[in-house]
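Every number in this text was worked out from the coordinates using simple rules, so none of it is lab data. Nothing here was measured: the structure is a model prediction, and the numbers come from that model.
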């Protein structure tokens, strides 16, 4: 499960950088940032739930 979360975080980070690099794809950067934060939050919550 952790490898899936890390893979998704890397993909969202790449999409965000690509969106900022190409001016016409600013929407891609915004979506990438939103998905990066959401995936990180979900991974953090699930990791804390497993520890308990």
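Descriptive notes on the structure:
- Rounded tilt (10° steps) of 26-51 against the dominant C-alpha axis of the chain: 10 degrees
- Relative to the longest principal axis of the Cα atoms of the chain, the long axis of helix 2-21 makes an angle of roughly 20 degrees.
- Short-range pairs are left out: with C-alpha atoms under 8 Å and at least six residues apart, the relative contact order of the chain is 35 percent.
- Dividing the helix sum by the residues of the chain, where each DSSP H run of 4 or more adds -39500 (n - 2.57), gives a mean residue ellipticity at 222 nm of -31000 deg cm²/dmol.
- Evaluated at q = 0.14 Å⁻¹: base-10 log I(q)/I(0), Debye formula over Cα of region 2-51: -0.37
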